[in-house]
Structure formats: structure tokens, C-alpha cells
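A.B. asks: Questions regarding the structure given below will be posed in turn.
The values are calculated or read from the model by the stated rules, or taken from the named source; none is laboratory data. Keep in mind it's a predicted model, so treat the numbers as computed, not measured. Every residue, glycine among them, receives a Cβ derived from its backbone with ideal geometry; neighbour counts consider all protein chains shown.
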Amino acid sequence: MPQLTRRALTAGLAATLLPWSARAQPAYPERPVTLIVPFSAGGAADIAGRTLAAHAPRHLPAPSAGMVVENRTGASGAVGTGFVARAKPDGQTLLLARIGSSAILPATDPRTPYAWDEFSMLGLLDENPFVVCVPATSSWKTLGELAAALREGPGRLNFATTGPATLLDLGVRHLFASLGLPIDAGVAIPFRGGADAVAAVLGGQAQFIGNNLSDMAGAIAGGQLRALVVGTADRLPSLPGVPTAREADVEPLARIAGWNALFGPPGLPEPVIAAWAGAIARLRQDRDWLAATRRVGSIPRLLEPDETREYVRAQVALYRELAKRLGLV
């Protein structure tokens, strides 16, 4: 066996005494990252999560590790969101954060098993317009006609939601208030995810729905759903014939919009946060991700971690105020 030189022995001993953080670390991530989507497969959340998983990992320090999507549904998204809140903060388990489960629920329900601000926030990804739809076979051609039907028979029409304290529920009740209707003018029928809620409307289990455009874009384009109003300042190029909230005389509805963000468990190491912040920033130039996001009706809006925290803080305040005004809390 060759003898070690004094210099080699000294260098080896010094290396063993270095703190772990000072030694060379493998590039992050060393293995596939699990992205928890807290809603069912096939819905807007799932689509956004799989779009992110298909494109964002290539912008990480170790681009070949990849990302896998796991759907953990239940309790209006609280099951999956709570799972990530309790996950090991090693960067291997992340959350596709949604407005309902990450802002509306903690803002309106004190039983929520996590706080909105306990997560490591990695970046906002996109916003999604809120659209009110009825089946294409419905006799209601305008929002005014739907409102008239609700006035004539309070509590007789059903609307599909993904559970209490979600965008689909609170957004529709906000619409009722904007129309001068009681917030229980329609009966909420809950489903496990946005895709299930849309399917319920198409199947006749509910007569109307207010939802993210991403969940309904295919059915609208396919002639199965009729959009009555979109909560944007200007008409959407993809829905040129659909009036805005202002045009439909329900301007307060313009405050409602869905969004997707990337969160991690509390206490993520700074290098992991920096890696994801960099990857999300590089999505600005990722034509494939931009095209895929726009294709389903979302509007890319990429924010840094600190900006994301302030954005979510404002969202929580907005929905807490709306819930109080509607008498829901």
C-alpha cells in the first residue's frame, strides 16, 4: 500500500473537520422532487402542476432529476396542503399552492390545520380568470337571464363547487351579492376538484358554475359550456364574445381570480429556495411553459419569493374581508 505523504494526510484531516455546509454538495435535487397537487387529476390545479413539472426542473442546478406529481385530495385542498406543511424541509416535497387552499381557507376557516404564512414561498406562477358558465343547452344566454332565474326561484338552482371556502364557492357567493341576491340564492353542490365540478354541470347535476377558465376552456371551446361573464378588465382574446365584469354590471367580480404558486414546507434551506427562485425566473424565457400555460387560459405572472409572500398576504386580506362582508365568518 503506498504511504500517505504528510501533506495529503494533513489535507484529509482538515477536510474531515470542515462543517458539512462548507464541503462540496451534490447539485440540487439529487432525486426527483414530489409536487403535491391538493386537488383531483384532470382539473386546473393538476394541469398547472403537470405543466410545471414538465418544464421547470430543467432550469434547476440538477436538471435531470425531474419532478413527479402526486394528487392528495380532500377537505377543499387542506389535506394535500397540510401534508406539505408537515413534510421534511429538504426540498424533495413541494406544493402546488392554490388560492382556495392557501389563501381563502386559512383566511376564512379557523379550523384550517396550517397558517397561510408558515410555508416557504418559492414563487407565484400564474393567474387564472374567473368565468361564470352554464351548459350550452341552457336557455340562459346572458348573466342577466341567470340572475332573473335565481330571483324567481331562490334556492332552486344548484351550482358546482369544490367545497366551502374555495374560489368556486366564495366567487359565486360574491357574484350573488354583486347582483343584489342573497348569498344562498343558489345551492352549492361540492365536488373533489374543478374537473369534477365541470363534469357535474355538463351532466346536469348543477345548473351553473363559477370557476377558473383553465378548468372550463376545453368545454367552452368544444361548445359544451356557455360563458356568461369573465372577471377581467378587458375581454379575453380567447373569449372575445364574453362580456367583462364591468360590461355585465358586476364590476366587483373583477376582484376574483385564481392563481398557482410553488410553496415548500416551513424552513426550507436557502440554497433550495434560491434554486427554485432561479428556475421560476427562467420560466420567463421558457416559450414552451409560457405557451402551455396560456393554452389553458392562465396568464403567466412570475414573482420572486418575497413578492409572492406579499401577494399572498394581500389575497388573504381580500378574502377575509369578502367573507366578513358576505357574513360567512
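A.B. asks: Counting just the residues of region 191-217 that are surrounded by fewer than 20 Cβ atoms within 10 Å (Cβ to Cβ) and without any contact (Cβ under 8 Å) to a residue 40 or more places away in the chain, which one comes out nearest to R156 (Cα to Cα)?
C.D. replies: G203
A.B. asks: Let me ask something else about it. Please report, ordered by residue number, the helices (runs of 4 or more DSSP H) entirely within region 44-129 with at least 3 residues that are in contact with a strand residue (DSSP E or B) (Cβ under 9 Å, 6 or more places away or on another chain). First the steps, then the outcome.
C.D. replies: Numbers: elements: 44-55, 78-85, 105-108.
Once the helices (runs of 4 or more DSSP H) in region 44-129 are filtered for at least 3 residues that are in contact with a strand residue (DSSP E or B) (Cβ under 9 Å, 6 or more places away or on another chain), what remains is 44-55, 78-85.
A.B. asks: A further question on this structure: Here are some residues: R226, R246, R235. Which one is assigned to a loop (DSSP other than H, G, I, E, B), at negative phi, touching a strand residue (DSSP E or B) at 6+ places or on another chain (Cβ under 8 Å) and of a type in the set (D, E, K, R)? Give the derivation first.
C.D. replies: Working: R226 fails: assigned to a loop (DSSP other than H, G, I, E, B); R246 fails: touching a strand residue (DSSP E or B) at 6+ places or on another chain (Cβ under 8 Å).
Going through R226, R246, R235 in turn, the sole match is R235.
Rundown of residues vs (1) assigned to a helix (DSSP H, G or I); (2) surrounded by fewer than 21 Cβ atoms within 10 Å (Cβ to Cβ); (3) modelled with pLDDT of 95 or more, yes/no style:
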| position | (1), (2), (3) |
| --- | --- |
| I280 | yes, no, yes |
| A292 | yes, yes, yes |
| G297 | no, no, no |
| D306 | yes, yes, yes |
| Y311 | yes, yes, yes |
| A314 | yes, yes, no |
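A.B. asks: Of these, P182, P190, which one is more than 21 Å from G231 (Cα to Cα), over 15 Å from the mean Cα position of the chain (by Cα) and not assigned by TED's automatic domain parsing to the domain that holds L52? Walk me through how you get there before you give the answer.
C.D. replies: Details: P182 fails: more than 21 Å from G231 (Cα to Cα).
Exactly one of P182, P190 is more than 21 Å from G231 (Cα to Cα), over 15 Å from the mean Cα position of the chain (by Cα) and not assigned by TED's automatic domain parsing to the domain that holds L52, namely P190.
A.B. asks: Could you identify the single residue in A274, A261 that is in a helix (DSSP H, G or I) and either over 30 Å from I220 (Cα atoms) or at pLDDT 95 or above (or both)?
C.D. replies: On the way: A261 fails: in a helix (DSSP H, G or I).
The unique qualifying residue is A274.
A.B. asks: With respect to D117, is the statement that it is among the charged types (D, E, K, R), under 18 Å from E310 (Cα atoms) and at pLDDT 95 or above true? Before you say what the answer is, go through the steps one by one.
C.D. replies: On the way: among the charged types (D, E, K, R): yes; under 18 Å from E310 (Cα atoms): yes; at pLDDT 95 or above: yes.
Yes: the conditions hold for D117.
A.B. asks: Considering only region 68-76, I want to know if a residue exists there that is out of contact with any helix residue (DSSP H, G or I) (no Cβ under 9 Å at 6 or more places or on another chain), of a type outside the set (A, V, I, L, M) and modelled with pLDDT of 95 or more.
C.D. replies: If we filter region 68-76 for residues that are out of contact with any helix residue (DSSP H, G or I) (no Cβ under 9 Å at 6 or more places or on another chain), which is where we start, we get none.
No, region 68-76 contains no residue that is out of contact with any helix residue (DSSP H, G or I) (no Cβ under 9 Å at 6 or more places or on another chain), of a type outside the set (A, V, I, L, M) and modelled with pLDDT of 95 or more.
A.B. asks: Among the residues of region 143-170 satisfying the criterion of being over 14 Å from A206 (Cβ atoms) and modelled with pLDDT under 95, which is surrounded by the fewest Cβ atoms within 10 Å (Cβ to Cβ)? Before you say what the answer is, go through the steps one by one.
C.D. replies: Here is the first cut: in region 143-170, the ones over 14 Å from A206 (Cβ atoms) are 143-145, 147-148, 151-154, 164-167, 170.
Next, only the ones that are modelled with pLDDT under 95 stay: 153-154, 164-167, 170.
Numbers: G153: 11, P154: 14, P164: 18, A165: 27, T166: 26, L167: 29, L170: 26.
Here the answer is G153.
A.B. asks: Take the residues of region 61-80 that are crowded, with 17+ Cβ neighbours inside 10 Å and in contact (Cβ under 8 Å) with a residue 60 or more places away in the chain: which is nearest to the chain's Cα centre (by Cα)?
C.D. replies: G77
A.B. asks: Against the definition (charged (D, E, K, R) and crowded, with 17+ Cβ neighbours inside 10 Å), how does R173 come out, yes or no? Steps first, answer last, please.
C.D. replies: Numbers: charged (D, E, K, R): yes; crowded, with 17+ Cβ neighbours inside 10 Å: yes.
The answer is yes for R173.
A.B. asks: OK, next. When only residues in region 239-267 that are buried (at least 24 other Cβ atoms within 10 Å of the Cβ) and not hydrophobic (A, V, I, L, M, F, W, C) count, which is farthest from the chain's Cα centre (by Cα)?
C.D. replies: Only one residue tops the list, namely G264.
A.B. asks: Something else now. If a residue has to be assigned to a loop (DSSP other than H, G, I, E, B), on the phi < 0 side of the Ramachandran plot and out of contact with any helix residue (DSSP H, G or I) (no Cβ under 7 Å at 6 or more places or on another chain) to count, how many in region 162-192 make the cut? Steps first, answer last, please.
C.D. replies: Kept after step one, since they are assigned to a loop (DSSP other than H, G, I, E, B), are these residues of region 162-192: 162-166, 179-186, 191-192.
Filter once more, keeping what is on the phi < 0 side of the Ramachandran plot: 162, 164, 166, 179, 181-186, 191-192.
Remaining after also requiring out of contact with any helix residue (DSSP H, G or I) (no Cβ under 7 Å at 6 or more places or on another chain): 184, 192.
Qualifying residue count, region 162-192: 2.
A.B. asks: Kindly provide the set of residues from region 121-161 that are in contact with a helix residue (DSSP H, G or I) (Cβ under 6 Å, 6 or more places away or on another chain) and within 30 Å of R284 (Cα to Cα), ordered by number.
C.D. replies: M121, L122, G123, L124, D126, N128, P129, F130, V131
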